[in-house]
1. Return the residues of the stretch 58-93 that are touching a Phe, Trp or Tyr at 6+ places or on another chain (Cβ under 7 Å) and of a type in the set (Ser, Thr, Tyr); say none if nothing qualifies.
2. Taking the stretch 84-97 only, how many residues are buried (at least 17 other Cβ atoms within 10 Å of the Cβ) and in contact with a strand residue (DSSP E or B) (Cβ under 8 Å, 6 or more places away or on another chain)?
3. Kindly establish whether Glu173 is closer than 21 Å to Ser43 by Cα, touching a residue at least 60 places away in the same chain (Cβ under 8 Å) and of a type in the set (Asp, Glu).
4. Among (1) surrounded by fewer than 22 Cβ atoms within 10 Å (Cβ to Cβ); (2) in contact with a strand residue (DSSP E or B) (Cβ under 8 Å, 6 or more places away or on another chain), there is one condition Leu167 misses while meeting the rest; what is its number?
5. For the stretch 148-165, what are the residues that are assigned to a helix (DSSP H, G or I) and of a type in the set (Asp, Glu)?
6. If we scan the stretch 37-48, do we find a residue that is modelled with pLDDT of 95 or more, in a helix (DSSP H, G or I) and among the hydrophobic types (A, V, I, L, M, F, W, C)?
7. Have a look at Gly79, Gly187 and point out the one that is at positive phi and surrounded by fewer than 21 Cβ atoms within 10 Å (Cβ to Cβ).
8. Specify which of the listed residues (Ser101, Ser147, Ser177, Ser154) is closer than 23 Å to Gly208 by Cβ and either in contact with a helix residue (DSSP H, G or I) (Cβ under 9 Å, 6 or more places away or on another chain) or surrounded by fewer than 17 Cβ atoms within 10 Å (Cβ to Cβ) (or both).
Amino acid sequence: MSEVSNTDGAIVDSVREIRELIENWVVRRDAALWDDFAQVWHSEGYMSATWFQGSAQDFIEMSRKGFARGVRILHFLGGSSIDVVGERAIAQTKMTITQRSQVHGVECDVVCTGRFYDFLAVEDGVWKLVRRQPIYERDRLDPVDPSAVLRLDSDRLRAWPEGYRHLAYMQTEDGSSIKDNLPGLTGHAVEQLYREGSDWLSGSERPGVPA
C-alpha cells in the first residue's frame with residue numbers, strides 16, 4: 001500500500017483502503033478467521049461492545065472462545081462516511097448485528113441496527129483500526145418459530161438503553177455482563193464520541209475514553 005499524504009489522490013486511496021479494512025473486519029471475524037482478523041488491528045487496538053470492552057487481542061481471544069462454544073454474532077454492513085486527515089481517520093459505517101440464542105427457552109433472533117464508529121491510524125505504512133465503538137440505534141427480538149409464545153420481563157427490558165435493550169436482554173440470558181451507558185442515536189454518550197472523533201482528527205494523544 002502507498003504511503004499516506006494529503007494529496008487528493010492519496011485521500012481517495014486511503015478511503016478505499018479503510019473501507020476494505022472495515023469489510024475485512026466483518027468477514028474475517030464472522031468466518032472465524034482469527035489470524036487474518038488480527039491483521040486489521042493497530043498494535044494499540046481497543047474494542048467496545050455490549051458484552052466486551054478491552055484490547056483487540058483480548059477481544060479476538062474472547063471471540064474465539066465464544067465461537068467454539070457456539071455463540072454466533074454476525075454483522076452486515078451498509079454505507080460508510082470516512083474523514084481522513086493525514087495519517088488519521090474517522091469512519092462511520094452503517095451496520096446490523098444479529099445473534100441467535102435461547103430466551104426463556106425460546107429460540108430467538110435479535111437484530112440491532114446502528115453504526116460502527118472507528119478511529120484509525122497508519123501503522124507501518126498501512127491503515128489499522130485503533131478503536132471501534134458501535135453506536136446502537138434500534139433493535140428488535142423475534143422468535144425463530146413465529147408460532148412460539150415469548151414473554152419478556154418488561155421492567156428488565158426497559159432497564160436497558162433503547163438502542164440495544166433486546167440485544168442486552170438476550171446476552172444477559174447467556175450470562176454476559178452488559179454495559180448500560182453505550183452510545184445511541186442521541187444523547188450524551190454519542191455526543192462525547194463525536195467530540196472524541198473530532199479531537200482524534202485534530203491530533204489528540206489518545207482516541208478518546210471508551211465507555
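1. Thr93 - this is the single residue of the stretch 58-93 that is touching a Phe, Trp or Tyr at 6+ places or on another chain (Cβ under 7 Å) and of a type in the set (Ser, Thr, Tyr).
2. Number satisfying all stated conditions: 8.
3. So Glu173 fails the test.
4. Unmet for Leu167, out of (1) surrounded by fewer than 22 Cβ atoms within 10 Å (Cβ to Cβ); (2) in contact with a strand residue (DSSP E or B) (Cβ under 8 Å, 6 or more places away or on another chain): (1).
5. Asp155, Glu162
6. yes
7. Gly187
8. Step by step, each of Ser101, Ser147, Ser177, Ser154 is checked, and only Ser177 is closer than 23 Å to Gly208 by Cβ and either in contact with a helix residue (DSSP H, G or I) (Cβ under 9 Å, 6 or more places away or on another chain) or surrounded by fewer than 17 Cβ atoms within 10 Å (Cβ to Cβ) (or both).
The values are calculated or read from the model by the stated rules, or taken from the named source; none is laboratory data. Not measured: the values here are computed from a predicted model. Cβ sites come from the backbone with ideal geometry, for glycine too, and all protein chains shown count toward neighbours.
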